[in-house]
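A short worksheet on the structure shown next.
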Protein chains: 2
Amino acid sequence: MDPTTLLDFSKGGGLVTAIAQDDASSEILMVAHMNEEAFRQTLVRGEVVYWSRSRGRLWHKGEESGNVQKLKGVYVDCDGDVVLLRIEQVGGAACHTGRRSCFFRKLEAGRVEDVGVQVFDPEQVYKR
Amino acid sequence: MDPTTLLDFSKGGGLVTAIAQDDASSEILMVAHMNEEAFRQTLVRGEVVYWSRSRGRLWHKGEESGNVQKLKGVYVDCDGDVVLLRIEQVGGAACHTGRRSCFFRKLEAGRVEDVGVQVFDPEQVYKR
């Protein structure tokens, strides 16, 4: 079976939504996108490859920082436009801000609270 | 603070992605979309309201089946285009197929396996 046939890339203009969930804690770490090639490469490599909309190219997550996402499980939703990736996040942080998860802004009683766990200093890791 | 200012609706043509995660088990139950009004109504009601792209209208989840999603927590990601909803799923099933989660198709070694937990018979619930 060609696994890309499970996905419907047409609704999202060639992209599906991809959710990275920590395989150990079930914490949602980040959400990004995949085109068909990114999905194929992810399955072949066993490490997550997204499609970067801002850069307009394939994005092997961790290619700069070394903090790759090791693939532990892949699930597809009922209508085929979302992929759920169960992963192990090397380095412990998925967010470009250096926090463990991108979902560090909690809304509570009309206020926003930063509940993020800072793992690394992005200025140290992304040396450009 | 107006909580809608945390979100960037412009990137998704007026919509953000919304992930519903079970507040007790951390299982990801479904992914849908919200426009600004859906997000506002969700916060006010304390029950999840999406924007249905197929129906072109607000969709108070559970309005037909009674299986509403009670809001337990709201998180916004680093770039403001995804909302994470921690919820309690009344009735135990979020998927229109009657399964607990929409992510019931597991990809493993080139094969797809249905790992879904069937909670209700959709033909009994959606009487049209």
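Below are the figures for this structure:
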| quantity | calculated |
| --- | --- |
| Extension gain (nm, one decimal) between B:E108 and B:V90, 0.36 nm per residue minus Cα-Cα | 3.4 nm |
| For the stretch B:47-108: rounded, prolate or oblate by the Cα gyration tensor [a/c cutoff 1.5] | rounded |
| Overall form of the stretch A:82-128 per C-alpha gyration tensor (a/c, 1.5; a/b vs b/c) | oblate |
| Label distances, nm, A:E88 versus same residue in remaining copies, Cβ-directed 7 Å point | 3.6 |
| For chain B, built as a Gaussian network whose Cα springs stay under 10 Å, the top-fluctuating residue of B:A109, B:A24, B:A38 | B:A109 |
| Closest-to-axis residue of chain A (Cβ criterion, axis taking A to B), whole Å | A:S26, 2 |
| Summed side-chain charge close to B:G12 - residues other than B:G12 whose Cβ falls under 15 Å, Lys, Arg +1, Asp, Glu -1 | -3 |
| Candidate lysines for bridging to A:K11, where Cα separation is under 27 Å - those fewer than 8 sequence places away on the same chain excluded | A:K61, A:K72, B:K11, B:K61, B:K106 |
| 25 °C / 0.890 mPa s Stokes-Einstein diffusion coefficient of chain A, Kirkwood radius on C-alpha pairs, µm²/s | 161 µm²/s |
| Acute angle (nearest 10 degrees) that the helix B:36-45 long axis makes with the longest principal axis of chain B, alpha-carbon atoms | 80 degrees |
| Whether the protein assembly as shown is rounded, prolate or oblate, judged on the alpha carbon gyration tensor where a/c under 1.5 counts as rounded | oblate |
| Inter-copy separations for B:R40, label at 7 Å along Cα-Cβ, nm, ascending | 4.5 |
| Cut-off 11 Å between beta-carbons: net charge of the residues surrounding A:F120, Lys and Arg +1, Asp and Glu -1 | 0 |
| Label spacing, shortest first and in nm, from A:G13 to its equivalents in the remaining copies (7 angstrom along Cα→Cβ) | 0.8 |
| log₁₀ of I(q)/I(0) at q = 0.22 Å⁻¹ - the stretch A:1-51, Debye sum with one point per alpha carbon | -0.84 |
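Readers should treat all values here as calculations from the given coordinates under stated rules, not as data from a laboratory. These figures come from a predicted structure and were not determined experimentally. A quick note on method: Cβ atoms are made from the backbone with ideal geometry, for glycine too, and the neighbour counts reach across all protein chains shown.
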